[in-house]
Amino acid sequence: MNTEKEWKQKTRDACSAEPKSLTPLQKQMLKRQQELEYWKLHSKQVRRCNLITGLTIGAFVVGLFSYTILSVKQEKIIDEIDEEAKTFIMKGPRTGANS
């Protein structure tokens with residue numbers, strides 16, 4: 001019976017005991033393995049956040065481009081209206097006598 005208690009104690013100690021002296025290479029490998037496990041667990045969440053960020057930036061760029069094109073187009077229309085107004089003023093009003 002005494003040996004059974006000793007055996008349980010030894011297995012408990014062996015399972016709970018961590019290696020006391022790790023080399024720097026072993027520490028680096030352990031850290032890398034932990035990072036890999038983290039990324040495996042969180043890859044979907046990170047991918048979703050990246051997708052949302054990408055779509056937000058894309059929407060901003062498309063909106064800015066559309067606004068720029070629209071404002072340039074309006075400037076051309078305003079310039080055309082100004083040209084028509086100038087020619088109208090130069091020619092004078094249309095009446096039955098000068099048309």
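Rule-based calculations on the coordinates, nothing more; no lab input. Everything numeric in this text was worked out from a predicted model, so none of it was measured. Please note: Cβ atoms are built from the backbone with ideal geometry, for glycine as well, and neighbour counts cover all protein chains shown.
Just a few scattered comments:
- Between LYS20 and ILE81, the simple spin-label model (points 7 angstrom out along Cα→Cβ) gives 8.8 nm.
- Couplings for the stretch 38-48, taken from phi via the Karplus curve 6.51 cos²θ - 1.76 cosθ + 1.60 with θ = phi - 60°, read 4, 5, 5, 6, 10, 5, 5, 5, 5, 4, 5 Hz in order; Gly and Pro are left as x.
- Estimated vicinal HN-Hα couplings, Hz - the stretch 49-56 in sequence order (Karplus 6.51, -1.76, 1.60; Gly, Pro = x): 5, 5, 5, 4, 4, x, 5, 5
- R0 of 22 Å, Cβ-Cβ distance LEU30-ASN50: FRET efficiency to nearest 0.05: 0.20
- Counting Lys and Arg as +1 and Asp and Glu as -1 over every other residue whose Cβ lies under 14 Å from the Cβ of ASP82, the net charge comes to -3.
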